[in-house]
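Notes follow the structure.
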Amino acid sequence: MNVYDFDNTIYDGESPFELFFYYLKKEPFLIKFMPKVLVYLGKYKLGKVSMESLITEHLGFAEDLIRGLENYEADIAKFWDKRMHKIKPFYIAQQHEDDLIISASPEVLLAEVFQRLNIKNYIGTTLDFDIGKITFACFRENKVLAFKERYPGRTIENFYTDSHNDSALMELAKNVFFVKGNKIKQIKP
């Protein structure tokens with residue numbers, strides 16, 4: 001099985017942050033969250049977000065953001081209408097029917113793009129919009145837990161990622177490829 005991270009791996013960008021800026025244009029009151037978004041993005045890019053800090057510092061903030069969003073399904077479709085071109089060509093060229101995409105991004109955000117790409121297997125962060133809560137943070141070690149739960153006994157032949165935040169999944173894979181922009185380098189044979 002080939003497994004891929006999504007943001008900055010097969011997608012050229014950080015989709016949750018892009019979605020925040022998409023909503024910022026529609027809902028100017030979200031500007032109050034801008035400092036937290038920028039701090040989190042910086043910490044995330046530097047690999048300084050631990051599972052503990054994600055839960056204690058950042059999940060509450062994300063939950064505040066999702067509470068009260070209306071028409072999010074239509075908004076997400078419009079969001080992807082303008083971003084499908086950012087799926088990296090290398091992935092389209094080697095896509096297989098049984099690929100698994102595993103991402104820290106919310107499944108509700110990813111479902112639309114994966115339907116368009118005919119990707120059936122994916123795992124992401126899960127949200128309950130009715131209560132405004134994150135029910136599962138698909139991040140770091142949780143990616144391994146989710147993989148083992150949903151695909152017991154399966155082997156990761158090739159894993160593609162852009163981040164050392166995925167080191168737990170790297171350990172499971174036979175081959176690991178690091179993706180930076182459009183360059184792919186095998187880092188584990």
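The values are calculated or read from the model by the stated rules, or taken from the named source; none is laboratory data. Every value quoted in this text rests on a predicted model; they were computed, and no experiment measured them. Please note: Cβ atoms are built from the backbone with ideal geometry, for glycine as well, and neighbour counts cover all protein chains shown.
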Can you find, within region 1-26, the residue that is modelled with the lowest pLDDT among those that are in a strand (DSSP E or B) and more than 18 Å from residue 81 (Cβ to Cβ)? 7
Within region 44-66, is even one residue more than 24 Å from residue 144 (Cα to Cα), at pLDDT 75 or above and assigned to a helix (DSSP H, G or I)? no
What is the residue count in region 133-145 for residues that are crowded, with 20+ Cβ neighbours inside 10 Å and part of a helix (DSSP H, G or I)? 1
Pairs, first closer than 20 Å to residue 163 by Cα in region 88-114, second surrounded by 17 or more Cβ atoms within 10 Å (Cβ to Cβ) and among the basic types (Lys, Arg), C-beta under 7 Å, six or more apart: 102/143
Quick test of your reading of the structure: residue 156 fulfils all but one of (1) under 13 Å from the mean Cα position of the chain (by Cα); (2) β-branched (Val, Ile, Thr); (3) crowded, with 20+ Cβ neighbours inside 10 Å. Name the failing condition by number. (1)
Out of 161, 135, report the one residue that is touching an Asp or Glu at 6+ places or on another chain (Cβ under 6 Å) and in contact (Cβ under 8 Å) with a residue 60 or more places away in the chain. 161
In region 134-167, anything of a type in the set (Lys, Arg) and closer than 18 Å to residue 111 by Cα is listed as 143, 150
Filter region 99-111 for residues that are buried (at least 21 other Cβ atoms within 10 Å of the Cβ) and β-branched (Val, Ile, Thr); which is farthest from the chain's Cα centre (by Cα)? 101
If you take the residues in region 99-111 that are among the small types (Gly, Ala, Ser) and assigned to a strand (DSSP E or B), which one is modelled with the highest pLDDT? 103
Within region 112-132, which residues are part of a loop (DSSP other than H, G, I, E, B), surrounded by 13 or more Cβ atoms within 10 Å (Cβ to Cβ) and out of contact with any Asp or Glu (no Cβ under 8 Å at 6 or more places or on another chain)? 129
For region 78-98, which residues satisfy the criterion of being in a loop (DSSP other than H, G, I, E, B) and surrounded by 13 or more Cβ atoms within 10 Å (Cβ to Cβ)? 83, 88, 95
